[in-house]
1. Which residues, counting only those in the range B:149-162, are among the aliphatic types (A, V, I, L, M), away from chain A (no Cβ under 13 Å) and part of a helix (DSSP H, G or I)?
2. Of everything in the range B:15-26 that's in contact with an Asp or Glu (Cβ under 8 Å, 6 or more places away or on another chain) and surrounded by 12 or more Cβ atoms within 10 Å (Cβ to Cβ), which residue is modelled with the highest pLDDT?
3. Step by step: first the residues of the range B:98-110, then only those that are part of a loop (DSSP other than H, G, I, E, B) and surrounded by fewer than 21 Cβ atoms within 10 Å (Cβ to Cβ), then the one that is nearest to the other protein chains (Cβ to nearest Cβ). Which residue is that?
4. Taking into account only those residues within the range B:69-97 that are more than 25 Å from B:Arg144 (Cβ to Cβ) and in contact with a helix residue (DSSP H, G or I) (Cβ under 7 Å, 6 or more places away or on another chain), which is farthest from the other protein chains (Cβ to nearest Cβ)?
5. Please find, within the range B:27-52, the residue that is farthest from B:Arg229 (Cα to Cα) out of those that are open to solvent by 20 Å² or more (accessible area, probe 1.4 Å) and in a strand (DSSP E or B).
6. For the range A:252-284, name all the residues that are over 12 Å from A:Ile217 (Cα atoms), β-branched (Val, Ile, Thr) and open to solvent by 40 Å² or more (accessible area, probe 1.4 Å).
7. Output the residue which, of all residues in the range A:79-93 that are closer than 18 Å to A:Leu42 by Cβ and buried (at least 22 other Cβ atoms within 10 Å of the Cβ), is nearest to the chain's Cα centre (by Cα).
8. Given the criteria at pLDDT 95 or above and within 16 Å of the chain's Cα centre (by Cα), does A:Gly68 qualify?
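The values are calculated or read from the model by the stated rules, or taken from the named source; none is laboratory data. None of these values were measured; they are calculated from a predicted model. Neighbour counts run over all protein chains shown; Cβ positions are idealised from the backbone, glycine included. Please note that ligands, DNA and RNA were not included when accessible areas were found on the heavy atoms of the full protein model with its side chains. Shrake-Rupley method; radii C 1.70, N 1.55, O 1.52, S 1.80 Å.
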Amino acid sequence: MGQILTAAVALGLLWSIMVIGVYITYRVLDIADLTVEGSITLGAAICTSMIRAGWSPVVGTALAFGAGMLAGLATGALHTKLKIPALLSGILTMIALWSVNLRVMGSANVSILRMPTLFTFIQRFGVSRYFSWIILGGLLALALVTALYWFFGTELGSAIRATGSNPNMVRAQGVHTDNMVIIGLMISNGLVALSGALIGQSQSFADIQMGMGSIVIGLASLIVGEVLFGKRGFYMRLLSVALGAIIYRIIIALVMELGMNPNDLKLFTALTVAAALSVPYLSAAVRVKRKPAGAARV
Amino acid sequence: MCDLLQIKGLAKTFNRGTPNEKSALANINLVVDDGDFITMIGGNGAGKSTLLNCVAGVYPPDAGEIRIDEVNVTRWSEYRRAVYLGRVFQDPMMGTAADMTIKENLALARRRGQRRTLRWGVTAGEHEKYREMLGELELGLESRLTGKVGLLSGGQRQALTLLMAILKTPKLLLLDEHTAALDPKTADKVLDLTNRFIQADKLTTMMVTHNMRHALQLGNRLLMMHEGRIVVDVRGEDKRRLKVDDLLQLFERASGRQLDNDRMLLS
């Protein structure tokens, strides 16, 4: 049981970086960005392929981040410059990335078993496999939360947040909202690809299908984090969605331990997210119904 | 002083080539002098809001030219023109970011038209300055600087939007029925504030209103629009002598029919 929990926490920390990326689009920009399904695989594909080709894992990871930003740029350009709805723009990039990822990997998967990764650097100091994930994932997540807290407090970051809240107002204040959306999408997908690169290295493996359903996992983690750890302050919010990723992994590990068929996992996650997203509407509907007749006057 | 705003041959038609085609502006020519405070009235669909929105760059015009301070801005997008403009909208939700604090909203407005850099979004000195300014509004907002704007009432939000519009002194202040969504008492208060700000900074202003009393009370110049044209333009002493009855007569003469618009308030 202890081993399972450690693994869940470790995996959750690697995914938490992806969830922070989803938070930036879904909560800050108010866009459901499906690009992530492709960019998480892109990150893993680029990083593992680079390592396989003999490059340093540091270079591979950095390049994965950059490639993710380009994926975000593509979605942002489709959405803001060509006026394609955000959801569809994300889907288009996601589908295009499927081919890109196959090109990058040269086949449907890449194995880097027994090759150096960021984690093997740490394992050299006598740290076990999962703890190397926890150390690197935890440090990186904390550093990113701090960096993003700073960034979204700057003039530029404030303008991006305001764009998600009220683009009309932001334009009236002389900010080019298109660029704000693009920058937000780039940061988000950069983080998602970075997370993908870490996940790929952690399992020494990248697979063309690994991004499938990742947006739902991201949203589930985000909602779990918000429900459990509240929404006080921007720093706490970023931290709580990162923690949400860990809690989500623990929940999954527990239901698997309880004997759930792994094939049902995606159905379980989708239902959880659907339930969580409908809570505000349902609770409002219940409140209206409970009001006695005649009291509904506005 | 020079002409602050020059509009030449401005035309705008919505839904061109469809059954819903509507000519909103038809060959508008207008020169606004520096320091003018113009009130604008007219029935629904007269083109008042469309004119303001064309000046602000929300809609690209079909024809014509717009110059602000001698600069031709006809092809400029909305965000670029913001350098010159302070704007308050009819909908109190539209002028502020609800998810952000009062302080953050003010800080965004103070940097209107400037490049957004990686400097901190609200500097330490700004906090005290904003507190003082909010105190002058007498709405109790000075103690809520770090509160979310979404929690404010419509009147408070509109007063805040007004403050944001003038925080960085605009060349031209555009007010698009900014008191129409408020209850009469709040509307009067916001209007009072508007007048105070405009007089204090001698702001060149275009204010659309549905309230004839307000249109007559305020400003040094009055425009009446009808079917996409400016049909009445009175200023100075002539405007000061104008009464509601005169306005109704002017409208009838200009449009050839009785004023039948119930949204135009006579009180």
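1. Step one: list which residues in the range B:149-162 are among the aliphatic types (A, V, I, L, M), which gives B:149, B:151-152, B:159-160, B:162.
Imposing the further condition that a residue be away from chain A (no Cβ under 13 Å) reduces the set to B:151-152, B:159.
Within the range B:149-162, B:Leu151, B:Ala159 qualify.
2. Initial filter on the range B:15-26 (in contact with an Asp or Glu (Cβ under 8 Å, 6 or more places away or on another chain)): B:15-16, B:23, B:26.
Checking the rest, the ones that are also surrounded by 12 or more Cβ atoms within 10 Å (Cβ to Cβ) come to B:23, B:26.
Working: B:Ser23: 88, B:Ala26: 92.
Selected residue: B:Ala26.
3. Only one residue tops the list, namely B:Asp99.
4. If we filter the range B:69-97 for residues that are more than 25 Å from B:Arg144 (Cβ to Cβ), which is where we start, we get B:69-85.
Still in the list and also in contact with a helix residue (DSSP H, G or I) (Cβ under 7 Å, 6 or more places away or on another chain): B:73, B:78-79, B:81-82, B:85.
Details: B:Val73: 13, B:Glu78: 5, B:Tyr79: 5, B:Arg81: 8, B:Ala82: 3, B:Leu85: 8 Å.
Among residues in the range B:69-97 that are more than 25 Å from B:Arg144 (Cβ to Cβ) and in contact with a helix residue (DSSP H, G or I) (Cβ under 7 Å, 6 or more places away or on another chain), the one farthest from the other protein chains (Cβ to nearest Cβ) is B:Val73.
5. B:Asp33
6. Within the range A:252-284, just A:Val279 meets the criteria.
7. Filtering the range A:79-93 down to residues closer than 18 Å to A:Leu42 by Cβ leaves A:89-93.
Narrowing the set further to residues that are buried (at least 22 other Cβ atoms within 10 Å of the Cβ) leaves A:89-90, A:93.
Numbers: A:Ser89: 17, A:Gly90: 14, A:Thr93: 16 Å.
Restricting to residues being closer than 18 Å to A:Leu42 by Cβ and buried (at least 22 other Cβ atoms within 10 Å of the Cβ), the top hit is A:Gly90.
8. Details: at pLDDT 95 or above: yes; within 16 Å of the chain's Cα centre (by Cα): yes.
The answer is yes for A:Gly68.
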